[in-house]
Structure formats: structure tokens, C-alpha cells
1. Given the options 144, 130, name the one that is more than 18 Å from residue 91 (Cα to Cα) and at pLDDT 90 or above.
2. Somewhere in the range 143-163, is a residue of a type in the set (Lys, Arg), part of a strand (DSSP E or B) and surrounded by fewer than 18 Cβ atoms within 10 Å (Cβ to Cβ)?
3. Could you please let me know if residue 274 is surrounded by fewer than 22 Cβ atoms within 10 Å (Cβ to Cβ) and part of a helix (DSSP H, G or I)?
4. Which of the residues spanning the range 162-215 are without any contact (Cβ under 8 Å) to a residue 40 or more places away in the chain and of a type in the set (A, V, I, L, M)?
5. In this structure, does residue 117 turn out to be under 24 Å from residue 361 (Cβ atoms), of a type outside the set (Lys, Arg) and at pLDDT 80 or above?
6. Considering only strands (runs of 3 or more DSSP E) fully contained in the range 204-260, which possess at least 1 residues that are more than 30 Å from residue 103 (Cβ to Cβ)?
7. Quick one: how many residues across the range 105-129 are surrounded by fewer than 18 Cβ atoms within 10 Å (Cβ to Cβ), part of a strand (DSSP E or B) and of a type outside the set (A, V, I, L, M)?
8. For the range 185-197, which residues satisfy the criterion of being buried (at least 16 other Cβ atoms within 10 Å of the Cβ) and not in a helix (DSSP H, G or I)?
Amino acid sequence: MVNIVKIATNVVPKWTKNGCRLLSKQKLDFSSLPKNLIPERAVVLEGVEVETAFGKGLSKVYSFLDNEGKLLKKVVIKKKEGENTVKFIRNYERDGQVLFTDTKHILDGKVTGGVRESFFVKPIQNDVKGMSRMKLEYKLNPDGTRNETQIYENLAPKGYTLENKTLTTTATRLKDGRVINKTINGNSELISQVKEDPYLFIRNYSNEDFVESASLYAQQLQDVVGMKGQLRFKKLKKCGGYYEKGTKNVTIDLRHDKVDLVNTLNHEYRHKWQYKIISKYVKRFFNFFRKDNKIVLQESEQELAPRMLKSDILYCPSQVNYKKYYSNFLEQDARAAGAEAKNEFNKYSKKLAQLLGIPKEMTFCSTLNDKLSSFIQNHLQTTDVKVINMSELFAAAKS
């Protein structure tokens, strides 16, 4: 059972104009909570209980903070009269430039949708600042597909304007990671320069969703579409991923940024292609004298196949001799494939960022802003209950 230390006043505040009032604010001992609920670096858990809709609803907010008081994760449980309980789980990240939040909506223990957002504060004139925002909103359907809307936009305080660089995409994501029914809206010149970006519709996904969808493109790049084998996720100690030639499975550690994930995906699928060519080469050799031999190697494959076979025979695991492992032709070739894919991802990310006038980090949703995070946190530390609106964010950015 979680121990509670009450720190809020016993006097119940009056209703706000929005029909809210704070009932209690508490510090909680989360040592007994399941570890998967507690974010890394969390040292404080605060609980806030708020009545909404003038008493018809109840919201409980649990905030995990680090040792500097910065917000890491927030869990919101909302209960409306006559309706089911809805839970919102929001995670925060930060790097000093971009604010990033990831919110999941949960009903009866199942994720029904969510919102991933990133914000970047930018100057307009003098001390006035505007904001660039990326928002990916998705809703799950009963058949496991989900409808998605993604928007990049510039926001400004009333009376001020920012250059109109709005880009909106819609799509349907299937259970296997494929993205269909794609549309792009916005400035026609902008659309013409970003429509070929193979990551445009998926770059703001969570890492797991991103890898599932990006793996389909990686399989195209490495010419292994349709081959047997599965994509698996696992926490690894010494590498970002590996390929098993026996099962033809590719295993990926999701605890990396998207640039590295693209690199690793293509590196491992290149290994899959290598062993496909080696297998064809060996079968072609043993079937050489058969009249019905239909195994054909492309000209480039004929040149690489014997070299790859030799490298496979002489392959030395990294834990045995790292120098031999690193210099093995199979690894050199796979590193080149991974680097090429990584450079392509970076090229499109940089281009999108330049066109929209935002930091590159914002094009794949991976960072947070300390100032705005502190602003949100400060609202949780007061006894006043109020809605945080966009004008307040602008005011915070100016301070």
C-alpha cells in the first residue's frame, strides 16, 4: 500500500470559472509501486485530487519528478458521472531546446489513442516570442488499425504573426506497420519538397511504432522483402541489434534515438541480404551440372558472393577478437548500408527542419524544453487549479 503524506490545506478552495477546485495535494511514497510505472531518475511522486464540472467529475493527477524537481511523467485519471474511468499517461523529455510530451489515452486498461507533441519557442520581435509545434494525434480502431493526423505549425500571441509554414498529413496505420491512405496539405511549394521523404508520416512515432514501420522501408532498401523471419525487440547490453541467419530474425534494442535505429535496422537487414546471396551462390555451385538449374545471380551479386562466403567462413565474433570482427567484409558491408540509410534519414530531417524553420530534433520528436517543463511543474506545485492555455505558454517563454 502506498503511504500518503498530506501537504494541502484542509480548507477546500472555491470553484474556478471552469468548474474546478483542488481537494488535496499529497506527496506519495512510490517504493511499493511496480517498477515499470516509475520513470528513471524519479525521486518524488506528487498526487493532486481535483473536482471538475462543479462536482460531477473527479481527476487524480500523479506527477513523477527528478531530484531537481523537473517533471518526468504524469498520470491523469479522470472519472465523469455516468461514464467510464479514463486514464491519461504523459511522459516528458528535455534537452533545453524543444519541449516534448507523449500522452496515451487508456480506457478499461486498453490504449485507445494518444498525442505526441513537441514545442520550440522562437523570437518574433523584441521580447515577444512565438512557438513552433508538431502534433501527432492518433485514434485506434476496433480492427487494430489507427487513424493519424500530424501537423507542423507556427503559433503566435494575439496581434502577432509568424511565417505561414503549416504542414498537415493524415494516414491510416495498419497493424503490421504499413501506412496507407496518405494525404499532405499545406503550402504547395513546401509539399513539393517534402513529399518524397520516406519517413514523413512515421518520424514522430514512438520508437517501437517507428521501428515497425521503418523496418518495412529498410527491407525494401536491402532487398529482403518477403523473406522469412521476424522483427523482435529486446534490451541488449553490448549492441543495438543483431541478425540470426538460422531463424532469419532481426532483433533491435529500442533504447536509442531514431537516427541510430535507422542505422541498425539497415545494418541488420543488410546481413539478411548477404546470407541470401551466399545461399544462392552455394546452391548455384552444387547445382552447376544440373540442366534445370534456374538460380541466377545478378552481376553485382556474382562479384560479392564469393567474397561474402569467405568472410562468413572466417567470421570471428566481437567478444573473441574485436579487430577481426570489425575488419570482416560482412561487417564492413553492413556498416556501409547502415551509414547510407542513416545519411538519408538525416538529409530529409535536416531539409524538413530548414523548410519549417525548426530544430532538426523536432522532426523526429525526441527532446524537451526545460523552461516550459518548469512552467508546467510550477502549476502542479501551487494550490490554484487552472487550465494551462497557449497564452500562458507564451508568457512563460518570455520570462
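The values are calculated or read from the model by the stated rules, or taken from the named source; none is laboratory data. The model shown is predicted, which means the values in this text are computed figures rather than measured ones. All Cβ positions, even for glycine, are placed from backbone atoms using ideal geometry, and neighbour counts span all protein chains on display.
1. Within the list 144, 130, the selection yields 144.
2. Within the range 143-163 (the criterion being of a type in the set (Lys, Arg), part of a strand (DSSP E or B) and surrounded by fewer than 18 Cβ atoms within 10 Å (Cβ to Cβ)), the answer is no, since none of the residues qualifies.
3. Working: surrounded by fewer than 22 Cβ atoms within 10 Å (Cβ to Cβ): no; part of a helix (DSSP H, G or I): yes.
Considered against the rule, which asks whether it is surrounded by fewer than 22 Cβ atoms within 10 Å (Cβ to Cβ) and part of a helix (DSSP H, G or I), residue 274 comes out as no.
4. 171, 174, 179, 180, 184, 191, 202
5. Against the criterion (under 24 Å from residue 361 (Cβ atoms), of a type outside the set (Lys, Arg) and at pLDDT 80 or above), residue 117 qualifies.
6. 241-244, 249-252
7. Result for the range 105-129: 6.
8. Residues satisfying the conditions are 186, 197.
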